[in-house]
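**Q** Supplied in structure tokens, the structure appears directly below.
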Amino acid sequence: DKTPNGGLDHIVEINESLFFNSKNNVGRMCRKTWVVRCYDTTTRNLGCQMLHHDQKRISTEMLENVIRQNVLPGTTVMTDNLASYCNLYILGYIHHMGNHSQNFIDQSPGHVQIGR
């Protein structure tokens, strides 16, 4: 068993990525794998979970299950503005969203949002 990330006074960055390949690099996508990344900025612990899923979009239920398994309630979580993340506060998380179409730089000094 792995220990979940987060806790009080911890910030966990969560994002999802879709990886796929196509047969002979042409045509439609054959195999799709979603990877959900949970990075604890306090402990620098990285947790990832791979989901084999034949959809272009990941469901709210799937994301919430991954987050519940990998992040402790009461944790501050940072995500993009994907609609599937909108109910995280109901699950007991302190939720902040960033917008990829705008800057990812916090206006307070000393913090820049980067991918790890």
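**Q** So for segment 11-97: antiparallel DSSP bridges make up what percent, rounded to the nearest 5?
**A** Antiparallel bridges: around 75 percent, rounded to the nearest 5.
**Q** Give the long-range amide H neighbours of ILE11: residues separated by 5 or more places, or on another chain, with amide H under 5 Å away, using H modelled in the peptide plane at 1.01 Å from N.
**A** THR41, THR42
**Q** Between TYR93, GLN49, ILE11, whose Cα lies farthest towards the positive end of the dipole of segment 11-97 when Lys and Arg beta carbons carry +1 and Asp and Glu beta carbons carry -1, centred on the Cα centre?
**A** GLN49
**Q** From the backbone phi of segment 36-43, what are the Karplus-calculated ³J(HN,Hα) couplings (6.51 cos²θ - 1.76 cosθ + 1.60, θ = phi - 60°) in whole Hz, Gly and Pro given as x?
**A** Once rounded to whole Hz, the list reads 9, 10, 10, 10, 7, 6, 7, 9.
**Q** Where does the charge balance sit around TYR85 when Lys and Arg score +1, Asp and Glu -1, over other residues with C-beta under 10 Å from its C-beta?
**A** -3
**Q** Ok, one more. Only Cα pairs under 8 Å and at least 6 apart count here; give the relative contact order of segment 11-97 as a rounded whole percent.
**A** 27
**Q** Taking the Cβ-Cβ separation of ASN65 and THR43 as r and a Förster radius of 22 Å, what is the calculated FRET efficiency to the nearest 0.05?
**A** It comes out at approximately 0.45.
**Q** Further question on the same structure: Can you work out the FRET efficiency for the pair TYR89 and SER17, with r the C-beta to C-beta distance and R0 = 25 Å, to the nearest 0.05?
**A** Given R0 = 25 Å and the Cβ-Cβ separation, E is 0.55.
**Q** While we're looking at this one, here's another question. Along the principal axes of its C-alpha atoms, what lengths does segment 11-97 span, in descending order and rounded to whole Å?
**A** The Cα atoms of segment 11-97 stretch 45, 25, 20 Å along the principal axes, largest first.
Bear in mind that the values in this text are calculations on the coordinates, not laboratory data. As the structure is a prediction and not an experimental result, all values here were calculated from the model. Every residue, glycine among them, receives a Cβ derived from its backbone with ideal geometry; neighbour counts consider all protein chains shown.
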